[in-house]
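These notes are about the structure you will find just below.
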Ligand SMILES: Nc1nc2c(c(=O)[nH]1)N[C@H]1C(S)=C(S)[C@@H](COP(=O)(O)OP(=O)(O)OC[C@H]3O[C@@H](n4cnc5c(=O)[nH]c(N)nc54)[C@H](O)[C@@H]3O)O[C@H]1N2
Ligand SMILES: Nc1nc2c(c(=O)[nH]1)N[C@H]1C(S)=C(S)[C@@H](COP(=O)(O)OP(=O)(O)OC[C@H]3O[C@@H](n4cnc5c(=O)[nH]c(N)nc54)[C@H](O)[C@@H]3O)O[C@H]1N2
Ligand SMILES: [Mo]
């Protein structure tokens, strides 16, 4: 017998971490045998542990292979295999029934990103539902809505990033809550940071945790109380103003409203001078350290304040981002090589002005959503023009339970869920579980039997990026990555394109005739890529830049011809639009606003520890959590400082209860000096595994997190109080 030939297919990892790294997939007899990464010319686009382990994801035992229908109670996890015909007929029938009985606004299409690519993403179902009569839409980006809000208000756009190679031009790099050695956020980010160090840049990390990035790159680690970053930045502004270190000519030329900000900082507005001593009490950072960093940032040119997005995921997180941008402008670091506009240090695939339109954004030619008009009436209730119509993601449970949420009023009867492990990833799981009992019908399109899929009435199995052709974008360096199909779909899995097409046929909707190949060729035709076939064969098309890409370079070099896209044409340190809101919690200049559930909240007597929920290096959110290779690397555990653990009689590896009024989790503790006292970290993305009492054994922080949105839409995942106690195992648990 002839030995089967092994083929090596170049493709691009499409997991949702900002890394779009080269994978070389070995395939023998239609089966993936191993996955390697880039061994081509420099700079290689090398994958991390998750990309290299993807084979186990494709063949995971809990991979969905067939359509399923619920046979037990909703959420009970009892399913039966059915045919595609039965599954799609049922979904089509339910869609028609709900639209005709209650109207299309009773359909909520809930999506996330998952394997984010150009064709096989959320657009296909959006298009289908638009043609079908529309649907109620959600809004709010869990990752960085606070950053989007602040950048839009201050710069008039959310695109504020440099290419990562520009870090080599920086003399000082501040990793403000940024840990790219774990979270990637752009292929090769860590590699550029390493080179910047070799070039002599000083690196300072500000984080409640001593992260891997702090350990590897930083000269100094400054721990800070979560949710107080705005206070530290504003006190830095105080020192800079008092010592006259700000770049007044930059401020005069390119910004509006600095004087108003200054009035607030100096206490002219409210009688409180925002001195480093003031901030020390709030942030836990010594006043001298704040003043030193301020001087260093203002006098080391150029300096990159890399504003992480995690402090933006706190209550009033918008203010932190506004304050960071204000400091970048005060020091003249906007639009220059080696600087940083301090918008947010990760933007995803839309960061560079690629000619190809970013796939996730819905396109007008694909259809208008007729429900927009219906919900438009509710828009009047919403506080700012940066808040679009629809339901904020955090308020989906309210809408399902009561038919009402800020900006949206409608009874949801049908939920169409894809590319999100919604139940697992959004706050207050116990409330979400109740809410998921309300709709008459839930369909989930998934790759794995996730905690969310367990709540479906019909589950449709879909392909991974190894089983389809697509295109991806470089984040941090401009390139296109070909996603090349390595194997045929596992089991009976179908791609989004096929699912949308087959539903369209059943619903009598046209416009889904184009093949994957035709659609991809169309995308490439509107891009910089000269040759489709060569691109697919090579796997990567790099856009060669004469110099690193710098956001706002044109606005700074030639302001007369290139105004900022704000109402004033300048960087708006004071925003008239926000002033018009007259909302003290969403003020016109950056302000420090104390979060709810802070250390000073009376609730802290009962629940004294602040919970943060970092992103784990061994999984992308909930994706790949179930892979033994990766699970072996680092267990899901609660990070707790030695002092807090000792005070509670907790030893390393002990099982602990983490709880508040919203719920309870039992998981192992990791006792460490790598997190500051008073703060615990439960990394997000662990799969929710409730026991019989409804206590989660998976280590999922969203059991205890709070479902309240910030005024500008920020998701407060890193704001919340808990208590931690030793868990005494099954016997005593039964007594509680
Ligand atoms: N406590 C806490 N919670 C958080 C965060 C936090 O910091 N703390 N972070 C938040 C952030 S930043 C984000 S972005 C969200 C992410 O939240 P989600 O987007 O819900 O998380 P994922 O685990 O990426 O879920 C994607 C799901 O889509 C599936 N999938 C992957 N590819 C495809 C595909 O091609 N088609 C279909 N149909 N499904 C696919 C995967 O199997 C997975 O179950 O989580 C948020 N949740
Ligand atoms: N491996 C991996 N990579 C990922 C992801 C993943 O799940 N896994 N998710 C991707 C996605 S969608 C996103 S949005 C990004 C998320 O990227 P980030 O938001 O940057 O990631 P986090 O780990 O949540 O937070 C970064 C750091 O902020 C710190 N931090 C938390 N709260 C505060 C605070 O209030 N103040 C300060 N100063 N620091 C704080 C945490 O300790 C952590 O070290 O990562 C992307 N990349
Ligand atoms: Mo995210």
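Values quoted throughout were computed directly from the atomic coordinates according to the rules given, and no laboratory measurement underlies them. Every value quoted in this text rests on a predicted model; they were computed, and no experiment measured them. Note that we place each Cβ from the backbone using ideal geometry, even for glycine, and neighbour counts take in every protein chain shown.
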Between helix 229-242 and the chain: long-axis angle, C-alpha atoms, 0 to 90°, nearest 10: 30 degrees
Cα long-axis angle, helix 496-507 against the chain (0 to 90 degrees, to the nearest 10): 60 degrees
Would you please give the FRET efficiency between residue 191 and residue 534, computed as 1/(1 + (r/R0)^6) with r the Cβ-Cβ distance and R0 = 25 Å, to the nearest 0.05? 0.40
Among rounded, prolate and oblate, which fits the stretch 497-549 when a ≥ b ≥ c are the square roots of the eigenvalues of its C-alpha gyration tensor, a/c under 1.5 means rounded, and a/b larger than b/c means prolate? prolate
With r defined as the distance between the Cβ atoms of residue 642 and residue 198 and R0 fixed at 45 Å, what FRET efficiency is calculated, to the nearest 0.05? 0.85
Which residues in the stretch 253-280 have a backbone N closer than 19 Å to a point placed 7 Å from the Cα of residue 560 along the Cα-to-Cβ line? 253-255
Compute the angle between helix 84-102 and the longest alpha-carbon principal axis of the chain, please, reported from 0 to 90 degrees and rounded to the nearest 10. 60 degrees
Quick one: if you stick a label point 7 Å off each Cα along the C-beta vector at residue 580 and residue 514, how many nm between them? 3.7 nm
What share of the DSSP beta bridges in the chain is antiparallel, in percent to the nearest 5? 50 percent
Pull out a ≥ b ≥ c, the square roots of the eigenvalues of the alpha-carbon gyration tensor of the stretch 602-726, then state rounded if a/c is under 1.5, prolate if not and a/b is larger than b/c, and oblate in the remaining case. rounded
Using a 10 Å cut-off on Cβ atoms, rank the peptides 673-685, 518-530 from the highest mean neighbour count down. 673-685, 518-530
Cα-projected label distance for residue 71 with residue 689, points at 7 Å along beta-carbon direction, nm: 2.5 nm
Going by the alpha-carbon gyration tensor, a ≥ b ≥ c the square roots of its eigenvalues, is the stretch 6-58 rounded (a/c under 1.5) or, if a/c is not under 1.5, prolate (a/b greater than b/c) versus oblate? oblate
Once you place label points 7 Å from the Cα toward the Cβ at residue 604 and residue 6, how far apart are they in nm? 5.8 nm
Using mean Cβ contacts within 10 Å as the protection proxy, how do 174-184, 290-300 order, highest first? 174-184, 290-300
